[in-house]
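Below: one structure, written as structure tokens.
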Amino acid sequence: MPIKQSVPEAPFSEKLLASLDHIEYRRIQNAEDFEDIARLRYKAYKAQDVLPVGAVDMLDEIDFDRNAYVFGIHHYEELIATIRVHYVTPDHRVCQSTGVFPDAVHAFLDAGMTLIDPARFAVDPAVVAELPTIPYITLRPSIMAAIHFDADRVLQHIRPPHASFYKRIFLADIVVPPTMAGIYGFELTLLASRVKEVRPQLMRRFPLFRSEAYERRMMFGNEAQFDSPPLTVLPTARIAGRPTSQEMAFAE
């Protein structure tokens, strides 16, 4: 009887990259799509028992701020996750983290830094087991935004048990230790990644976070740049960083 040879398991970084194959990012802009996002947020937060105190509508005023970018993540064309990414500058300080940790955020901005503040992270509970890489896929736009806007920090205001994930993956530093957040009724902590410093290591360890400049422009660019705004954006992580045909010819 022939001996069955085991096939080496693919590295985790390759699994992450492969999980993008059927993913689309969609910028949320019309009322119907925002309603879908609100329903997904409610479903995800209720399942995790993290609904804000007195929550009625899962949309808020800063969803429509001029520096807010709300995305739906679709898998085989089904909405499975969402995230809101804020670009925060000394001249425009609106973001979720400012409301929770104002002193720490204003300290960064007073020092002249620019920030990316990902918030409203929500994943359909039904797909977590089927697609365990979804947290990485959902957080990918925050890294893309940091590159697009050349930001100094990516913030993470999170529940304390999740801090180890952000330290390990995004090499984040603790800025504010666990503190009771009144609007939620539970503790939150604030972390920040020195994104310019950690970017080479992050991209080397997790190629999923790579992207081409045109993908970032479609995600975060001004609509006036396009004849018609892109409806969906396909990830470019697989091709990002590859040499062009001209560069390969030169190398030969």
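The values are calculated or read from the model by the stated rules, or taken from the named source; none is laboratory data. Small disclaimer: the values here were computed from a predicted structure and weren't measured. Positions of Cβ are generated from backbone atoms using ideal geometry, with glycine treated the same way; all protein chains shown enter the neighbour counts. All accessible areas refer to the heavy atoms of the entire protein, side chains included, with ligands and DNA or RNA removed. Shrake-Rupley method; radii C 1.70, N 1.55, O 1.52, S 1.80 Å.
Observations on the model:
- Identity of the residue in region 30-52, of a type in the set (Asp, Glu) and assigned to a helix (DSSP H, G or I), that ends up surrounded by the fewest Cβ atoms within 10 Å (Cβ to Cβ): GLU32
- Any hit, region 16-29, residues being at pLDDT below 95, touching a Phe, Trp or Tyr at 6+ places or on another chain (Cβ under 6 Å) and surrounded by fewer than 15 Cβ atoms within 10 Å (Cβ to Cβ): yes
- With a requirement of 2 or more residues that are of a type in the set (A, V, I, L, M, F, W, C) and closer than 24 Å to THR89 by Cα, the helices (runs of 4 or more DSSP H) lying completely within region 135-239 that satisfy it span 195-205, 213-220.
- Residue that is modelled with the lowest pLDDT, among those in region 211-252 that are aliphatic (A, V, I, L, M) and open to solvent by less than 80 Å² (accessible area, probe 1.4 Å): ALA249
- Being in contact with a helix residue (DSSP H, G or I) (Cβ under 8 Å, 6 or more places away or on another chain), aliphatic (A, V, I, L, M), open to solvent by 30 Å² or more (accessible area, probe 1.4 Å) and more than 22 Å from VAL50 (Cβ to Cβ) holds for only one residue in LEU171, LEU202, and it is LEU171.
- The residue that is nearest to the chain's Cα centre (by Cα), among those in region 55-111 that are over 27 Å from HIS22 (Cα atoms), among the polar types (S, T, N, Q) and outside any helix (DSSP H, G or I), is ASN67.
- Search result, residues across region 177-199 that are out of contact with any helix residue (DSSP H, G or I) (no Cβ under 8 Å at 6 or more places or on another chain), open to solvent by 70 Å² or more (accessible area, probe 1.4 Å) and modelled with pLDDT under 95: MET180
- Filter result for the condition that a residue is touching a strand residue (DSSP E or B) at 6+ places or on another chain (Cβ under 7 Å), closer than 22 Å to ASP57 by Cβ and at pLDDT below 95, over VAL100, VAL127: VAL100
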